[in-house]
Amino acid sequence: MSAAEAEANNMFCASCGIAELDDIKLMDCDDCDLVRYCSDKCQQDHISQHEAACKERVAELRDVILFRQPESNHRGDCPICFLPLPIDLENSMMSCYSKLICRGCEYANDVELEKNRVQNTCPFCRHPTPKTKEEADKNEMKRAAANDPVALRELGKESCHEGDYDTAFEYWTKAAELGDVDAQYHLSIMYREGDGVEKDEEKEVYHTEEAAIAGHPEARYNLAVDEWENERFDRSAKHFIIAANLGHDGSIQMLKEYYKHGLVSKDEFAAALRAHQAAVDAAKSPQRDAAKASEKFRAYQQQTFEN
């Protein structure tokens, strides 16, 4: 059916055939965009005829969203330097405002504080940083009480590490409802492993897809592996390409294997390599390099001292 034919058909009720006029308004199918109805009764009467086509169209529409390349990874940009946050390096979350900042900005702030010998302050809001874990936990609970999705997600992680999966599930469910992408990913793992919930493949896939759509590279990688295991190599390659374009190292390595076995073309692999490198380079800065070097030096000092 052509686009013109589909548009023409949508001027009539798919069940009784009545045309849309000034006093007759048609409503869309609840799930797809193929047909319209003049009443709930007509929609109910037409279900048996439309069900198969509706399911197929819903899957097509879902794939349009699923395989759309996100503009950036789910972490977004550092709120201080405005450079993309890396996906493979340590980041720092300040409890006073539940924001993720890069190590480079944290390092620059530490250097400035040490130079001026002043009280430790948050690099973002400039308020004094918590002096004890109890104070930091209090700040986190305050943010959670205000329905801060990041604080809720972090509380979920703490509960999970303590083995309290029920509480972790509650925190992550609420955080996911408020838009936290990492919470969606954590929920997908819970449904896959059966930690605190019954294993549920449908719910696992749903939460994994929601995280992937929002730019979570690990979620996208998991979808690619699932498709590979089911021998749907074309879909698997699409997922790996999207994740590689976000700077995900594991995905670019898998695409290298796919290219060797003829599962992606030379042009597709070359484009993924360029996009991957561009994403990695975009997350670099002199401050971040300095922070990484400082961390390595401190680790070396600690190892030397222990020996």
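The values are calculated or read from the model by the stated rules, or taken from the named source; none is laboratory data. Because the structure is predicted, anything quoted here is derived from the model rather than measured. Note that each Cβ is placed from the backbone with ideal geometry, even for glycine, and that neighbours are counted across all protein chains shown. Quick note on the areas: whole protein, heavy atoms, side chains included, nothing else; ligands and nucleic acids left out. Shrake-Rupley method; radii C 1.70, N 1.55, O 1.52, S 1.80 Å.
Miscellaneous remarks
- Out of Tyr206, Tyr191, Tyr171, sole residue that is among the hydroxyl-bearing types (Ser, Thr, Tyr) and either surrounded by fewer than 18 Cβ atoms within 10 Å (Cβ to Cβ) or outside any helix (DSSP H, G or I) (or both): Tyr206
- The set of residues from the range 261-283 being open to solvent by 40 Å² or more (accessible area, probe 1.4 Å) and more than 21 Å from the chain's Cα centre (by Cα) comprises His261, Gly262, Leu263, Ser265, Lys266, Asp267, Glu268, Ala271, Leu273, Arg274.
- Scanning the range 129-159 for residues that are of a type outside the set (Lys, Arg), in a helix (DSSP H, G or I) and open to solvent by less than 40 Å² (accessible area, probe 1.4 Å) returns Ala136, Glu140, Ala144, Pro149, Val150, Ala151, Leu152, Glu154, Leu155, Gly156, Ser159.
- Failed item, numbered, when Thr173 is tested on (1) over 18 Å from the mean Cα position of the chain (by Cα); (2) of a type in the set (Ser, Thr, Tyr); (3) within 25 Å of Glu209 (Cβ to Cβ): (1)
- The set of residues from the range 57-77 being touching a residue at least 60 places away in the same chain (Cβ under 8 Å), part of a helix (DSSP H, G or I) and open to solvent by less than 60 Å² (accessible area, probe 1.4 Å) comprises just one member, Leu66.
- The sole residue among Ala272, Ala219, Ala244, Ala279 that is touching a His at 6+ places or on another chain (Cβ under 6 Å) and assigned to a helix (DSSP H, G or I) is Ala244.
- Residue tally, condition open to solvent by less than 10 Å² (accessible area, probe 1.4 Å) and either at pLDDT below 95 or of a type in the set (Val, Ile, Thr) (or both), over the range 209-241: 0
- For beta carbons closer than 8 Å, sequence separation of 6+ or different chains, a first residue in the range 116-127 that is loosely packed, with under 15 Cβ neighbours inside 10 Å and a second that is hydroxyl-bearing (Ser, Thr, Tyr) and in a loop (DSSP other than H, G, I, E, B), the qualifying pairs are Asn120/Thr129; Cys125/Tyr97.
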